[in-house]
1. Phe136 label point, 7 Å along Cα→Cβ, cut-off 19 Å on backbone N: hits in region 93-112?
2. Multiplying the sequence separation of Asp171 and Arg343 by 0.36 nm and subtracting their Cα-Cα distance, what value in nm do you get?
3. Is there a pair in Lys45/Lys195; Lys45/Lys81; Lys52/Lys278; Lys123/Lys359 whose C-alpha atoms are over 30 Å apart, and which pairs would that be?
4. Neighbouring Cβ atoms within 10 Å as the yardstick, rank Arg376, Arg95, Arg357, Arg164 fewest first.
5. Which of Glu103, Glu238 has the fewest other C-beta atoms within 10 Å, and how do the rest follow up to the most?
6. Net charge around Ala266, counting only other residues with Cβ within less than 11 Å of its Cβ (Lys, Arg = +1; Asp, Glu = -1)?
7. Under 5 Å between amide H atoms, partner at least 5 residues away or on a different chain: which partners does Ile311 have, H built in plane at 1.01 Å?
Amino acid sequence: MIEVTKLYFSGSLQGHSVRFDRHAVGGTSGFGGRSRLVTTPMPQKGPAVVWKATRACNLRCLHCYADSGVQPHSGELSTAKARVMFEDLVQSGVRSLVLAGGEPVMRPDLPDLIADAHQYGLKVELWTNGTLLTNFLADRLMQAGLDEVTISFDGLGWMGDLFRGKMGGFDSALRGFHNCREAGLLVGTRFTLTKRIYGDLEPIFDFLERERVPRVCFDHLMYTGRGNDPHQDDLSHEESRHAMDFLFERARRFYRQGLGIEIATADNLADGIYFCLKLAESDPERAAQVYQRLTSDVAEASASGAGIAGIDSRGYVHLHPHWPEHSLGNVRQRPFSQIWTDRSNPLLAGLRNPLPRLKGRCATCHCKAACWGNSRARAECVYGDLWMEDPACYLNNEEISREVPEVTESLERDVHFEEKAA
């Protein structure tokens, strides 16, 4: 994930975890005036884990990664099995757990799962479509200790309804958003960048500003589930660049206005390099600092099989929550801590040292240390070879021919020359 606001505009380059202080006085706008957001440095020893707690869902979204249906899979992890998994996750160094789906709210034991995970010391985030989040349920989730809830919209108004396959889906999700905020929960949003919402970026950002959404993440499309046709759904390289230009400038504006809206992107680390190149035009020194952070921390923390892991509803461990084609094992038969640290697994070994294995444009890219080759899942889907170039990388040949520090040094020399000439 690229934390655009924090990395490129705030005074700190440090990573953070989100802690929600329920007892704080004088809360910020957007939290009902009852709580405040506190960010504190926190080391991440193990991967961030996304557990798709159920396949069941009340909607049928057009590019659902889980290909969810009305009914759950047979053999989904029980509450008791989940507790055993939570304890092992903590012992293996995991600090962050996301409950996803399907629609995780359709699990009747969801508040109990959150309370158990929280008791074990996990920071728990909920990814949901928001349509089932009543006032009563939002209060229960708050009492259970949920740290954050993220509602996926993927379109405003009628476009949101079209994407969800349900009339009134957007309004229901918005009510869920308001219910969570009124309950005192930290509530953010997610949008997946597809051709369907590309033309609505300006009204989406107006919506974020109007609702004072504290956190929003724009996900690049992964080619799996019902969204496995990049030609139909994904942005072109030119559209991706335009979208990132717009996002970067609005993030800058939000920050300068002090709105407290944090912008992030996910599933395409080319964003981090692209934003560094844009920042270098006005602040080359900070751009070089951010690039160093990408290479030393962010790339590995976002890499499939290294900084992020997926566990499906039946307990199978995957290299990435949206890359189900490879299973490393099942937590019913073998603890996650053993599965994730098995050095004899060639996939894990390769993904934790990917740079020598990359092919195509990724092999020759001078910036690959800042993205670790980006998405191996997309490469495998398009080329049948997980070490080929990521087809969604929109950086041009000139941009990948030099590392960002070389670019910033050149810009600094140009500025110095101009000042001397003047």
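Read-outs: derived from the displayed coordinates by stated rules, not from any lab. Everything numeric here is computed off the predicted structure, so don't read it as measured data. When we count neighbours, we look across all protein chains shown, and the Cβ atoms used for this are built from the backbone with ideal geometry, even at glycine.
1. In region 93-112, the label zone of Phe136 (backbone N under 19 Å from the point 7 Å along Cα→Cβ) covers 104-112.
2. 57.1 nm
3. Table pairs above 30 Å Cα-Cα are Lys45/Lys195; Lys52/Lys278; Lys123/Lys359.
4. Numbers: Arg376 28, Arg95 18, Arg357 14, Arg164 25.
By the 10 Å Cβ count, ascending, the order reads Arg357, Arg95, Arg164, Arg376.
5. If I rank by nearby Cβ atoms, fewest first, I get Glu238, Glu103.
6. Taking every other residue near Ala266 into account, the sum is -3.
7. Here the answer is Val50, Trp51, Lys52, His318, since their amide H atoms fall under 5 Å of that of Ile311.
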